[in-house]
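Enquirer: Below is a structure I'd like to ask you about.
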Amino acid sequence: MSRRPLVTVDGPAGSGKSSTAKELARRLGFRHLDSGALYRALTYALLEEGLPVDGWPELSSRELDALEIQVEPEPEGVRIRYGDRVMGPELRTAAVTENVSHLSAVPAVRRWLLQRQREAARGGGLVADGRDMGSVVFPDADLKVFLVANLEERARRRLRERAEKESPEAVEAEALRLEERDRRDRERETAPLRPAEDAVEVDTTSLDFDEQVDRILALVEDLTPS
Ligand code: CDP
């Protein structure tokens, strides 16, 4: 292959996309693009600015520019800035998680992010994860993976990630939250969550983290040189 490959990893919430894509990129010496973090950064900024959620569908690209979110390349991927702050763990607060799928359904928002995501991929050697990386943003990717896992397992993983107790009630409540966000992501008109036609589905329900990374690494290694 004349340039380094572009790999996309899409899937529903809690399927392990971001952590898998990050580790995959590390092992391959590629950069990582966590596209969900971009939607989260815009959501965070809008909440900070106090713009009511029911007005988000009318946001214009000028208003999005005014939020001063910058996507800057760095050796391992991209750095997201909000004004002069570099965004980090605040992108995963409950308020951001609850509201992000409202914002990601807005076509103007998806258009605004499209070019920024493609710029991050310039030169190949990238693992991009999200909901529409293979279907919309990078239709020519060299390898497209769609991760799935059963709902209860995804809920357990999310609780473990946040070091919370895995009681039956907590698993059920988390499963409901994931299901609701998946529903909004699947049913939206623009770039809904679905596998690209040429995506390889990997079910991670009974795989541990290393196994799921190895499974995708093997698919990358199988790419035919051209
Ligand atoms: O990590 P988790 O799967 O919970 O979410 P994420 O990847 O950080 O994405 C957060 C939200 O952003 C998703 O629920 C989608 O609504 C939206 N998103 C999207 O619409 N398209 C993408 N390519 C990535 C994320």
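Enquirer: Quick check on my filter: what residues within segment 38-61 are in contact with a Ser or Thr (Cβ under 6 Å, 6 or more places away or on another chain) and loosely packed, with under 14 Cβ neighbours inside 10 Å? Quick ask: steps written out before the conclusion?
Expert: Keep residues of segment 38-61 that are in contact with a Ser or Thr (Cβ under 6 Å, 6 or more places away or on another chain), which gives 39.
Residues satisfying the conditions do not exist here.
Enquirer: Give segment 121-142 a look and list any residue that's of a type in the set (A, V, I, L, M), under 15 Å from the mean Cα position of the chain (by Cα) and surrounded by 22 or more Cβ atoms within 10 Å (Cβ to Cβ), or say none.
Expert: Here is the first cut: in segment 121-142, the residues of a type in the set (A, V, I, L, M) are 121, 126-128, 133, 136-137, 141.
Still in the list and also under 15 Å from the mean Cα position of the chain (by Cα): 121, 126-128, 133, 136-137.
Selection gives Leu126, Val127, Ala128, Met133, Val137.
Enquirer: Now for a different question. Here is a check on your reading of the model: is Ser35 closer than 21 Å to Arg154 by Cβ, among the small types (Gly, Ala, Ser) and either surrounded by 19 or more Cβ atoms within 10 Å (Cβ to Cβ) or over 13 Å from the mean Cα position of the chain (by Cα) (or both)? Talk me through it step by step, then tell me what you get.
Expert: Values: closer than 21 Å to Arg154 by Cβ: yes; among the small types (Gly, Ala, Ser): yes; either surrounded by 19 or more Cβ atoms within 10 Å (Cβ to Cβ) or over 13 Å from the mean Cα position of the chain (by Cα) (or both): yes.
For Ser35, the condition - closer than 21 Å to Arg154 by Cβ, among the small types (Gly, Ala, Ser) and either surrounded by 19 or more Cβ atoms within 10 Å (Cβ to Cβ) or over 13 Å from the mean Cα position of the chain (by Cα) (or both) - is met.
Enquirer: Looking at (1) crowded, with 22+ Cβ neighbours inside 10 Å; (2) closer than 25 Å to Arg160 by Cβ; (3) not aromatic (Phe, Trp, Tyr), find the lone condition where Arg26 falls short.
Expert: (1)
Enquirer: Of all residues in segment 20-48, how many are among the polar types (S, T, N, Q) and near the ligand (Cβ under 9 Å from one of its atoms)? Talk me through it step by step, then tell me what you get.
Expert: Within segment 20-48, the first condition is being among the polar types (S, T, N, Q), and the residues that meet it are 20, 35, 43.
Keeping just the survivors that are near the ligand (Cβ under 9 Å from one of its atoms) gives 35, 43.
Of the residues in that region, 2 qualify.
Enquirer: Spot the failing condition for Val145; the list is (1) away from the ligand (no atom under 13 Å from the Cβ); (2) over 28 Å from Pro75 (Cβ atoms); (3) among the hydrophobic types (A, V, I, L, M, F, W, C), and only one is missed.
Expert: (2)
Enquirer: Now, a different point. For segment 86-100, which positions are surrounded by 13 or more Cβ atoms within 10 Å (Cβ to Cβ) and either among the acidic types (Asp, Glu) or more than 19 Å from Ala128 (Cβ to Cβ) (or both)? Give the steps one after another, and end with the answer.
Expert: So the first thing to find is which residues in segment 86-100 are surrounded by 13 or more Cβ atoms within 10 Å (Cβ to Cβ), and the list is 87, 90-93, 96-100.
Passing the criteria: Glu90, Thr93, Val96, Thr97, Glu98, Asn99.
Bear in mind that the values in this text are calculations on the coordinates, not laboratory data. Since we're looking at a predicted model, the values are computed, not measured. With ideal geometry, Cβ positions are generated from the backbone for all residues, glycine too; neighbour counts draw on all protein chains shown.
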